[in-house]
Amino acid sequence: MGLLLTACNSGPVRRVSEPSARLQQLSVRADGSWSADLRIENFSSIPMRFDSLDLTLQFGDAPAGHLLAQPAMSIGPESADVVTINLKPSAAAKLAVADALAGGRSIGYSLEGRIDATPDEAKQRSFEIKRTSALSPAPGLPGVLR
């Protein structure tokens, strides 16, 4: 009987894992600014509230700027959500993205910085983010990379 009670008390494992962030879509607006859809992934076994983020975005060798946001959104266990961030990119990044769009080519990017998140019923933590990937022009959607 004691063994049965011990097993009941242990409950499900509460695992907090490093979250991830990546660009899901980048839209170039008529005024030259960008709209960046950032996908935040919670790999933890518990919900987490994503309080703030500060990520440096770079295309190739061209720093584009900072993605700064305070989404204050909760993401369930092993789930993801998207936050849209407006950005006024550097001239070099504008040219790099415009060239990729005009040529119908992919372009590599990197994200580096931190995300502050609060695991369910715990203290806020800072997670370092480092990601490299690429975006490609979206067919039929001018000025959009996915």
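The values are calculated or read from the model by the stated rules, or taken from the named source; none is laboratory data. Owing to the predicted nature of the structure, the values given are computational and were not obtained by experimental measurement. Every residue, glycine among them, receives a Cβ derived from its backbone with ideal geometry; neighbour counts consider all protein chains shown. Side chains included, ligands, DNA and RNA excluded: accessible areas come from the protein's heavy atoms. Shrake-Rupley method; radii C 1.70, N 1.55, O 1.52, S 1.80 Å.
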| said: Looking at Ile46, Ile40 in this structure, which one is of a type in the set (Val, Ile, Thr), farther than 15 Å from Phe127 by Cα and in contact with a strand residue (DSSP E or B) (Cβ under 9 Å, 6 or more places away or on another chain)? | reply: Ile46
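Quick one: how many residues across region 68-120 are free of Cβ contacts under 8 Å to residues at least 24 places away in the same chain and outside any strand (DSSP E or B)? Talk me through it step by step, then tell me what you get.
First, pick out the residues of region 68-120 that are free of Cβ contacts under 8 Å to residues at least 24 places away in the same chain: 68, 70, 72, 91, 99, 102-103.
Subsequent filtering for residues that are outside any strand (DSSP E or B) retains 70, 72, 91, 99, 102-103.
Going through region 68-120 one residue at a time, the tally reaches 6.
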| request: Restricting attention to region 45-71, report how many residues are closer than 25 Å to Arg105 by Cα and either open to solvent by 20 Å² or more (accessible area, probe 1.4 Å) or more than 15 Å from the chain's Cα centre (by Cα) (or both). | output: 10
| said: Among the numbered criteria (1) at pLDDT below 95; (2) under 14 Å from Ser20 (Cα atoms); (3) of a type in the set (A, V, I, L, M, F, W, C), which one does Ala122 miss? | reply: (2)
| request: Those residues that are open to solvent by 60 Å² or more (accessible area, probe 1.4 Å) and more than 16 Å from Arg146 (Cβ to Cβ), I need them from region 30-44; list them, please. | output: Ala30, Asp31, Phe43
| request: Select from region 125-137 the residues that are of a type in the set (A, V, I, L, M) and in contact with a Gly (Cβ under 7 Å, 6 or more places away or on another chain) and write down the one among them that is farthest from Pro19 (Cα to Cα). | output: Ala134
| Hey, Arg131 over 21 Å from Val28 (Cα atoms) and within 12 Å of the chain's Cα centre (by Cα) or not | yes
| request: Of the numbered conditions (1) open to solvent by 70 Å² or more (accessible area, probe 1.4 Å); (2) under 21 Å from Trp34 (Cα atoms), Glu128 fails exactly one; give the number of that condition. | output: (2)
